[in-house]
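Written below as structure tokens is the structure these notes are about.
The values are calculated or read from the model by the stated rules, or taken from the named source; none is laboratory data. Quantities reported herein were computed from a predicted structural model and do not represent experimental measurements. Using ideal geometry, Cβ is built from the backbone for each residue, glycine included, and neighbour counts are taken over all protein chains shown.
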């Protein structure tokens, strides 16, 4: 006999801990099942999943092709130690080498994005013999110690003091940039700033620059093409590895296999997770260039994980990639992204509380403000619970009307599964349209 929603919540709260939250007053949503772009709670309420859960269920929920692949692999070989060669691990590695940009070739499999980023900086340090890593302030790279240090936002504070050698730079965040927010476009002083930091820190001390190609939970910050082309040139000029974190923006989310393709560049190391398996099984990956891989032909790779190259997760990933290809989901994300952008721009024009909408493919965000002229945010950076009143009202309206998405400070996201239809997009956007009327009432 199935448990009630109340019983599910009680068991979870009494015997488990939830991430990034004080436990006492937290009320988790009891989710029972999901299919396509929808999921249902234990008490039967249906929600449109406008955030692909945690920006990760890219192919949509409950795809039988992926489920079948996991089952068939489990029947044959659910696990082999990470020193073993398995067919599924080798086949997945080959496919990833084919679809990733540049000369990225060899994969080091982990169980998630945070571990992938940990290994990316370890590899960069091992190969370069240098120690420092440059990262951005508005960034999130994971919750393990090294990745938390790479993270620039307040989630790193609880881990400090952490690993040494991480140096931060400012972000190409045009809407709130102190260098160019009142100019028509980015003036690339954010890129000049990166070069200044490289020179001040000493290029001979810097192993790598790590960046989310498109910043995720810190605001879907989309740099101009010249920024990344210039960054690639800086890395080449000073002998520094470029690590791109595509954990959230990879696998079709932006309308390309990988977001860096929009900028016509390739990194030396790329990390991925989330859309790699669409979260049907846990898997991350740190894929490196041929040149970096060759270093380990006669040098030890000082890293290892019990679940590295886990057979079930590799099976999920390979099947998921096949779904992207069979259903043309990368192209579909680009096409649907244009439609989404047009509709979101209409909402911005209609609602004064919307300071900016940013979108690329099916990766988008609404940034809400109290004053469109001063751009004062509807909730401040690192807002305390009592400062989230308006945003919480909007969030409650969306949930009450069956739309689930992710809220952070004065932002909320629209990142649906790539299989979503125009009708399903409009279903959610119509609810958002009404919810934004709440925000409009608080505009000065």
* Mind listing just one residue for me: the one in the stretch 154-177 that is within 21 Å of the chain's Cα centre (by Cα) and closer than 24 Å to residue 203 by Cα and, of those, surrounded by the most Cβ atoms within 10 Å (Cβ to Cβ)? => 172
* **Conditions (1) in contact (Cβ under 8 Å) with a residue 60 or more places away in the chain; (2) surrounded by fewer than 18 Cβ atoms within 10 Å (Cβ to Cβ); (3) within 26 Å of the chain's Cα centre (by Cα): number failed by residue 82** => (3)
* Structure fact -> Only unsatisfied item for residue 370, checking (1) in a strand (DSSP E or B); (2) within 25 Å of the chain's Cα centre (by Cα), is (2)
* Out of (1) surrounded by fewer than 21 Cβ atoms within 10 Å (Cβ to Cβ); (2) outside any loop (DSSP other than H, G, I, E, B); (3) in contact (Cβ under 8 Å) with a residue 40 or more places away in the chain; (4) touching a strand residue (DSSP E or B) at 6+ places or on another chain (Cβ under 8 Å), the odd one out for residue 341 is which? -> (3)
* Exactly one condition in (1) out of contact with any helix residue (DSSP H, G or I) (no Cβ under 9 Å at 6 or more places or on another chain); (2) free of Cβ contacts under 8 Å to residues at least 60 places away in the same chain; (3) closer than 21 Å to residue 252 by Cβ is not met by residue 51; state its number. => (2)
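Listed here are the residues, each with its yes/no results for (1) at pLDDT below 95; (2) outside any loop (DSSP other than H, G, I, E, B); (3) surrounded by fewer than 19 Cβ atoms within 10 Å (Cβ to Cβ).
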| position | (1), (2), (3) |
| --- | --- |
| 399 | no, yes, yes |
| 413 | no, yes, no |
| 419 | no, no, no |
| 425 | no, yes, no |
| 432 | no, yes, no |
| 436 | no, yes, no |
| 443 | no, no, yes |
* Asked: Which number in (1) over 24 Å from residue 18 (Cβ atoms); (2) without any contact (Cβ under 8 Å) to a residue 12 or more places away in the chain marks the one condition that residue 109 misses?
  -> (2)
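Looking only at the stretch 125-141, count how many residues are assigned to a loop (DSSP other than H, G, I, E, B) and either more than 21 Å from residue 247 (Cα to Cα) or in contact (Cβ under 8 Å) with a residue 60 or more places away in the chain (or both). Don't jump to the end; show me each part of the working.
From the stretch 125-141, those assigned to a loop (DSSP other than H, G, I, E, B) are 129-131, 137-141; that's our starting set.
Among the residues that remain, those that are also either more than 21 Å from residue 247 (Cα to Cα) or in contact (Cβ under 8 Å) with a residue 60 or more places away in the chain (or both) are: 129-131, 138-141.
Counting residues in the stretch 125-141 that are assigned to a loop (DSSP other than H, G, I, E, B) and either more than 21 Å from residue 247 (Cα to Cα) or in contact (Cβ under 8 Å) with a residue 60 or more places away in the chain (or both) gives 7.
Would you kindly identify the strands (runs of 3 or more DSSP E) lying entirely within the stretch 11-121 that contain at least 3 residues that are in contact with a strand residue (DSSP E or B) (Cβ under 6 Å, 6 or more places away or on another chain) and not assigned by TED's automatic domain parsing to the domain that holds residue 332? Break it down stepwise before answering.
Numbers: elements: 31-35, 38-41, 46-49, 104-110.
Per the criteria, 104-110.
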* To do: Kindly establish whether residue 214 is surrounded by 23 or more Cβ atoms within 10 Å (Cβ to Cβ) and touching a strand residue (DSSP E or B) at 6+ places or on another chain (Cβ under 7 Å).
  => yes
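For the stretch 121-135, give me the residue count where each residue is touching a helix residue (DSSP H, G or I) at 6+ places or on another chain (Cβ under 9 Å) and under 19 Å from residue 285 (Cα atoms).
As a first pass, look at the stretch 121-135 and keep what is touching a helix residue (DSSP H, G or I) at 6+ places or on another chain (Cβ under 9 Å): 121-124, 126-127, 130-135.
The next check asks that each one be under 19 Å from residue 285 (Cα atoms); those that pass are 121-124, 126-127.
The number of residues fulfilling the criteria is 6.
Given the structure, is residue 383 touching a strand residue (DSSP E or B) at 6+ places or on another chain (Cβ under 9 Å), surrounded by 14 or more Cβ atoms within 10 Å (Cβ to Cβ), touching a residue at least 24 places away in the same chain (Cβ under 8 Å) and not in a strand (DSSP E or B)? Reasoning before the result, please.
Values: touching a strand residue (DSSP E or B) at 6+ places or on another chain (Cβ under 9 Å): yes; surrounded by 14 or more Cβ atoms within 10 Å (Cβ to Cβ): yes; touching a residue at least 24 places away in the same chain (Cβ under 8 Å): yes; not in a strand (DSSP E or B): yes.
Here the answer is yes, as residue 383 does meet what is asked.
Could we say that residue 320 is modelled with pLDDT of 95 or more, part of a helix (DSSP H, G or I), assigned by TED's automatic domain parsing to the domain that holds residue 252 and under 23 Å from residue 84 (Cβ atoms) here?
yes
For residues that are over 21 Å from residue 122 (Cβ atoms) and in contact (Cβ under 8 Å) with a residue 60 or more places away in the chain, scanning just the stretch 217-245, find the one that is surrounded by the most Cβ atoms within 10 Å (Cβ to Cβ). Full working, then the answer.
Pass one, the stretch 217-245, residues over 21 Å from residue 122 (Cβ atoms): 217-234, 236-237.
If we keep only those that are in contact (Cβ under 8 Å) with a residue 60 or more places away in the chain as well, we get 217-222.
Working: 217: 21, 218: 23, 219: 23, 220: 26, 221: 20, 222: 22.
Here the answer is 220.
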* To do: Check whether at least one residue in the stretch 206-213 is in the same structural domain as residue 118 (by TED's automatic domain parsing) and part of a helix (DSSP H, G or I), and report yes or no.
  => no
